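J.: This is the structure I have questions about; it appears just below.
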Amino acid sequence: MLGDKKDLLGLKDLTADDIRYILGQAETMKHILMQNNKKTPHLRGKSVVTLFYENSTRTRLSFELAGKYLSADTANITASGSSVAKGENLLDTARTIDRMGANVIVMRHSSSGAPHLVAQNVKASVINAGDGMNEHPTQALLDMFTILEKKGQIEGLKVAIVGDVLHSRVARSNIYGLTKLGARVSVGGPATLMPKGMETMGVDVCSSVQEAILDADVVMGLRIQLERQKAGLFPTLREYSRFFGIDQRRLEYAKPDALILHPGPVNRGVEFTTGVTDHERSFIDEQVTNGVAVRMALLYIFTGGVKNPRQVKED
């Protein structure tokens, strides 16, 4: 069970009940977040350190704000502004933070498995904020929270994930989570950006974007990750947009009430046209808000705050 886990390293190892529990706590935190006075004492005396070896706006800031809203002491470390730039290795940096009394280390790293290594060597709880091309569990949780909030359920829905699946840790975590909660997941994109053996993950691999989107309840775009790609995976961004980007015409293959999601940042005119990005059924901005709520819930859970599911409401 989730209560026995020290760390959140991915959704692959969580049960459906674990995921539902986190989403339930996020609902309570969303109520707190929507109040004029967001400051609560739930994490007073706790400390949260974000350790990011890759750039981030949404994830890092939302964790920092989540901690502050719950009265935790927060600190941020980037590789370029720390002793990493002097040659200190990952474990030494993590152990230093741990010995300073951090309760939670939120970590992003370009190497898959890096948070797992750190978690084995520190007493603090480690939350994976993205590791290489492996997982991004908190993004998937906020995506599922948004779907649940807007659709009222996840079981039985068709979720289309379209774009650079090969390099996407967001896609992997969403596939683990959504399939465990009973969704049907289809993936689409260039063959050069589709990992081999995707069928073994329990998804429908489609030969075209239109096929992936057909009758979908949720359409999720993925950012083209040029920073991770080798040359030759597709000709140009313009060609990608023409054949694989989602515009109003392709969106019509989905159900009329389909949600439009994207983990951000959106490359407008590439993965989505501006019309799709700003569509009335687009909840990309609300995903950002829900990201804070989900991360508030995770910080609360992994600092030992949850004794029972109703505790936050009763405080």
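The values are calculated or read from the model by the stated rules, or taken from the named source; none is laboratory data. It should be emphasised that the depicted structure is a prediction, and the values quoted were computed from it without experimental measurement. Ideal geometry is used to build each Cβ from the backbone, glycine not excepted, and the neighbour counts take in all protein chains shown. Accessible surface areas use protein heavy atoms only, side chains included; no ligands, DNA or RNA. Shrake-Rupley method; radii C 1.70, N 1.55, O 1.52, S 1.80 Å.
J.: Could you check segment 162-184 and list, in sequence order, the residues that are touching a strand residue (DSSP E or B) at 6+ places or on another chain (Cβ under 8 Å), farther than 17 Å from residue 212 by Cα and either open to solvent by 10 Å² or more (accessible area, probe 1.4 Å) or among the aromatic types (Phe, Trp, Tyr) (or both)?
T.: Answer for segment 162-184, where residues must be touching a strand residue (DSSP E or B) at 6+ places or on another chain (Cβ under 8 Å), farther than 17 Å from residue 212 by Cα and either open to solvent by 10 Å² or more (accessible area, probe 1.4 Å) or among the aromatic types (Phe, Trp, Tyr) (or both): 169, 176.
J.: Looking for something surrounded by 20 or more Cβ atoms within 10 Å (Cβ to Cβ), small (Gly, Ala, Ser) and more than 30 Å from residue 256 (Cβ to Cβ) - is there at least one such residue anywhere in segment 135-147?
T.: No; the residues of segment 135-147 include none that is surrounded by 20 or more Cβ atoms within 10 Å (Cβ to Cβ), small (Gly, Ala, Ser) and more than 30 Å from residue 256 (Cβ to Cβ).
J.: Going through segment 235-271 one residue at a time, which ones are hydrophobic (A, V, I, L, M, F, W, C) and either surrounded by 20 or more Cβ atoms within 10 Å (Cβ to Cβ) or over 30 Å from residue 129 (Cβ atoms) (or both)?
T.: Result: 243, 244, 246, 251, 254, 258, 259, 260, 261.
J.: Separate question: How many of the residues making up segment 166-197 are in contact (Cβ under 8 Å) with a residue 24 or more places away in the chain and over 16 Å from residue 11 (Cβ atoms)?
T.: Qualifying residue count, segment 166-197: 12.
Let's see how each residue does on (1) at pLDDT below 95; (2) part of a loop (DSSP other than H, G, I, E, B):
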| site | (1), (2) |
| --- | --- |
| 149 | no, no |
| 153 | no, yes |
| 161 | no, no |
| 170 | no, no |
| 179 | no, no |
| 192 | yes, no |
| 195 | yes, yes |
| 211 | no, no |
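J.: Only one residue in 62, 56 is within 27 Å of residue 266 (Cα to Cα), open to solvent by less than 70 Å² (accessible area, probe 1.4 Å) and in a loop (DSSP other than H, G, I, E, B). Which one?
T.: Unique residue meeting the criteria: 56.
J.: Contact list please: Cβ distance under 8 Å, first residue in segment 264-275 and free of Cβ contacts under 8 Å to residues at least 24 places away in the same chain, second residue open to solvent by less than 40 Å² (accessible area, probe 1.4 Å), pairs at least six apart or on different chains.
T.: From segment 264-275, the pairs are 268/277.
J.: Please go through segment 13-23 and give me each residue that is touching a residue at least 60 places away in the same chain (Cβ under 8 Å) and exposed (fewer than 15 other Cβ atoms within 10 Å of the Cβ), ordered by number.
T.: Within segment 13-23, 15, 16 qualify.
J.: Here's something else I'd like to know. Name the pairs whose Cβ atoms lie under 9 Å apart, with the first residue in segment 88-114 and closer than 21 Å to residue 133 by Cα, the second modelled with pLDDT under 95 and of a type in the set (Lys, Arg), and 6 or more positions between them or separate chains?
T.: Listed pairs, sorted by first residue: 110/228.
J.: Given the conditions (1) at pLDDT below 95; (2) outside any helix (DSSP H, G or I); (3) more than 23 Å from residue 110 (Cα to Cα); (4) not acidic (Asp, Glu), report the number of the one that residue 240 does not fulfil.
T.: (2)
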